[in-house]
Structures are given as structure tokens and as C-alpha cells.
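The values are calculated or read from the model by the stated rules, or taken from the named source; none is laboratory data. As the structure is a computational prediction, the values presented were derived from the model and not from experiment. Every residue, glycine as well, gets a Cβ built from its backbone with ideal geometry; the counts of neighbours run over all protein chains shown. Protein only, heavy atoms only, side chains kept; ligands, DNA and RNA dropped before computing areas. Shrake-Rupley method; radii C 1.70, N 1.55, O 1.52, S 1.80 Å.
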Amino acid sequence: MEIGFIGLGAMGRGMAANLLKAGHPLRVWNRSPGPMQELAVQGAHAVGSPAEAGAVDVLFTMLADDASTRAVLVEGGALDALKPGSIHVNMATVSVAFAREMAALHAQRGVGYVAAPVLGRVDVAAAGKLNIVAAGPDELIGRVQPLFDLMGQKTWRFGDAPEQANAVKLGANLSLACAIEAMGESAALAGAHGIPAADFLDLLSQTLFAGSPVYKGYGGMIAQERYSPAGFKLSLGLKDVGLANDAAAEQGLRLRFGSVLRDTLQEAVQRGDGDLDLAGLARMSKPGST
């Protein structure tokens, strides 16, 4: 199979590199040329447009949001370049409404569409150890599963409708943001009574939440106030929590804590913390933060 990969940011770069290591012919495109040049040295074919990247058997995209994905696929010509019978795998965290729209557009063109957002940070992507959340027709997922195996340690399948994978990913990111907020608030409470944050968070990670990579990893970042460089920007956390609230509202649900968390993330972005790691949300619980 000839493969295309669009979106070579912090996550996409490592994912594409793992496909290359397996010897697959790979076309790559990115808005900024640097990542394309890095992968070209490793054997990728850097192309000049999204449309050129889309003239393949399987196209992967890993872009920031609905708008950037639409710009590349529709306005950039990648979708039109995909031939009937090919497959597009969207690995970005997008809205359920956008996923539903994309599935319909692809079906009109006879192109398969699979949603496969991922769980894991940049180092996990580079190591090929992501957890991949996939939804779409079984036959399509079966065809791309060998490629998923190069990028992830496990593929979690959640239904035939692509948007179901996006609903799961949004729920997972909402849970992650809630955990960070809980750690920030509880550490601030303990700190107000003279307990170092590192000691309190160490207790949580070894007792109530023993074995949790979120409490261990993000708890360590909060304890050390190590929010840069960002593995997952706070601004993207705001985007995902907002999309989770939207997805709930579409089904007549109200996420009470989700709506409060969205407002808190918005405040953090407005005060200039958007480029910090999502762990920086804990800064909102420090004395004098509001």
C-alpha cells in the first residue's frame, strides 16, 4: 500500500516515522516544511500539497481541530485526490458533528472513512505505544489494522459509526482534565495547611490512584510546576473539553462539571497559559490565581 500522512506536529511526526521504519512508501505533507524535511531524510517523499499527499491507498491525517482538517481535506484538495476504494483515517480529536459530516462526504465519493484518535503523549507516539480508539466499518479497520499496529500498542474498537470514536476520545480527555483539576485543587488545599504539593501528590499516586499514569505523570509535573515544554497544550485541552460539552448537549445531556471545567480552562487561556502543558491547569488553584 502507498500511504500518505498529513499533519506532522509533535504527535504526527513520531507516528509517521514509525510507518517509515516498517518500510512503507510514505508521502508526507505539513504546513511548515521542517518536519517534512526531517522525514524525507528517513525516506519519506515530501510533497507540495495536500492533494498530492491524498493520491494514495491509505491517507492518515493528524491535525489540530475541525477547521484545520477541513482546510486540508476539502479546501486543500486531499479528499478529491483520494480514489474510490481508498481509505482516509482521521486520527485527530475532532467534534462528533464534524466526524459525521466527514463520513458522509467520503461515502459520496466512494472513499472509506475511519476515525482513530489516540491516547498518549509525544514520547508514547514516538515509541509506537499509543492506544488507538477506532470506529468505522469492520472491513475498513481490518485493512488498516496492520498500520495501527506499527503506531500503537492496542486498538480499541468502538462501533461502526466513525463519530463514536470521537465521542470516546472526548470523554477520555474530559476525564484527564478533570483529574488534573482535582489534583491542582487538592494539592492547593493541602498546601494551604503547610503540606508540600510533592508530598501530597506522591501519596495520591501511591495509594488511592496507585498505577495511574495520569496521577503519576501529571502529578509529578504539578508538584514540580513543570509546565513547559508542552506535550499537550492547555489550549487544546480547552478545545476538547468544549467539544465534549457540545457532544453532550447534542444528546440532551448537561455535563455539570464539564461546563465548569471549560470556564476554568478559558480563564487560564485568557490569562496567557494556553501554550503551557495541560498540567498547567493546576496554576488556577494557586492562591491569588483569580
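At-a-glance table
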{"item": "Accessible carbon and sulfur surface of the chain relative to its total accessible area, %, 1.4 Å", "result": "56 percent"}
{"item": "Highest-fluctuation residue, G231, G252, G48 considered, GNM on the chain with Cα pairs under 10 Å", "result": "G252"}
{"item": "Exposure ranking of I222, I195 by accessible area [1.4 Å probe, largest first]", "result": "I195, I222"}
{"item": "Relative contact order of segment 137-290, pairs being alpha-carbon contacts under 8 Å that are 6 or more residues apart, as %", "result": "27 percent"}
{"item": "Length-normalised contact order for segment 69-117 - Cα pairs under 8 Å, 6+ apart - percent", "result": "44 percent"}
{"item": "Share of Cα-Cα pairs in segment 129-175 lying beyond 17 Å, as whole percent", "result": "32 percent"}
{"item": "Cα-derived Rg to Rh of segment 118-267, Kirkwood definition", "result": "1.02"}
{"item": "Mean accessible surface per residue for the chain, computed with a 1.4 Å probe while every protein chain stays in place, in Å²", "result": "44 Å²"}
{"item": "Computed over segment 82-160, the ratio Rg/Rh where both radii use C-alpha atoms and Rh is Kirkwood", "result": "0.98"}
{"item": "Peptides 104-111, 276-283, 124-131 ordered by average Cβ neighbours within 10 Å, highest first", "result": "276-283, 124-131, 104-111"}
{"item": "Cα centroid of segment 1-65 to Cα centroid of segment 95-150, whole Å", "result": "15 Å"}
{"item": "Top of G77, G211, G191 by mean-square fluctuation, Gaussian network on the chain, Cα under 10 Å", "result": "G211"}
{"item": "Cα-based reach from K286 at 28 Å (exclusive), listing lysines while leaving out same-chain residues under 8 positions away", "result": "K216, K233, K239"}
{"item": "Percent RCO, i.e. relative contact order, over the chain, from Cα pairs under 8 Å lying at least 6 residues apart", "result": "14 percent"}
{"item": "Candidates Q270, Q145, Q251, ranked by Gaussian network fluctuation over the chain, Cα under 10 Å, top entry", "result": "Q251"}
{"item": "Label point distance in nm, S228-A67, each placed 7 Å from Cα along Cα→Cβ", "result": "2.4 nm"}
